[in-house]
Amino acid sequence: MTATGPATASVTAALALGDDALVLSHRLGEWAGHAPALEEEVALANIALDLLGQARVLLSLAGDEDELAYLREERAFRNLQLVEQPNGDFAHTIARQLYFSTYQHLLHAELAAGGGPFAPLAAKAVKEVAYHRDHAEQWTLRLGDGTETSHERMRRAYAALWRYTGEMFQPVEGLDVDWPALESRWLESVTEVLGRATLSVPEGPRTGAWSAGAGRQGIHTEPFGRMLAEMQHLHRSHPGASW
Amino acid sequence: MVTATALEAELLELAGSVPDPELPVLTLHELGVVRAVRLRDADTAEVDLTPTYTGCPAIEAMSLDIERVLREHGMREVTVRTVLSPAWSTDDISPEGRRKLREFGIAPPRVRGSSGPVPLALGPTRTQAAETEPVHCPHCGAADTELLSRFSSTACKALRRCLSCREPFDHFKEL
């Protein structure tokens, strides 16, 4: 995909944002039947549904939503590596949620204010994502400032996903966003929540050597292929099937 | 701004009278999701419908119900467009809609200028401490209620429990 004009640039941006939402929605859906409590199962499924709704609008701006979701190969997906990371334990899922929903909230707030092609969706998404962020924050506080075990598991989860967070602030073509400013607001917000949860901000690089993240260029981590295989299996095995 | 004709106003009222597929006590008008009806010609109508949540699965059922009602009223062709902007807010639910929700056992959303989650203080499950305006129990009316889960049977509701009558209830949360 070589971007030349504004139309192509906005397709690139729609794919990046749409794939983030689609992939994270699928990952959260994997909790169905496995969540630690019924309320939590319902919460994660509802967050997944919000993300799926956002993905449908965004992918429809880029082409046919079903074809894009079910018939693209791994290398054609433009989502962040963060969102494709396996659910891990509940702490990993919550850490991924806080990192991503804080980013998504700040990004959509800026896109909503900017008035571009993504403004109508962003204005809705920002309100939905505020609840996702709040959910992740409340769990981070409860588990971080909880027992010795829950604290340690939260600490490990935030540390494990830290190296995927730099990628969020690589500029996306077609989005008129002040990325360095977005990044510093993200860091400030995450630092504040972790501090209240008696957790420290993880050490280690978020960009450059030993960090991760080339999902926007179509380079994905090993678990992503297996996730896609499961997500696309039915559609590919039974083309044109409908309820 | 084009002035709506009498027929358009009538069709808007008809579309608005369709019950919400999830909460059939409410009409789409009371929910505040039918934005406009325009006549393209004598028997072709276009309806603007806005989703509550972007991923709300009820929107397809709503569209079909609106199409059916307007066809029964003599429209040959009905197109329902989904419009996102301006974003729907729980402030768009009419006072009548709020009253019906309460009677149905769902605590209505609080009216507010800005949307988003209310900041909460953390306790084991008690979360009412920092809230500015309490969510009243739709069963007994008590203000002493606690949040059990931010997400309930649908994305638009939270699950709460009354600390007075001990009944759990859904709260249509502010968006």
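Remarks
- Among the cysteines of chain B, B:Cys56, B:Cys156 have no other cysteine beta carbon within less than 4.7 Å of their own.
- Distance (nanometres) between label positions extended 7 Å along Cα→Cβ at B:Ser17 and A:Ala113: 4.5
- Segment A:Leu187-A:Glu230, extension gain: residue separation times 0.36 nm, minus the distance between their alpha carbons: 12.1 nm
- Fraction of antiparallel bridges per DSSP, chain B only, in percent to nearest 5: 65
Coordinate-derived values only; no laboratory data. Everything quoted here is computed from the prediction, not taken from an experiment. Neighbour counts run over all protein chains shown; Cβ positions are idealised from the backbone, glycine included.
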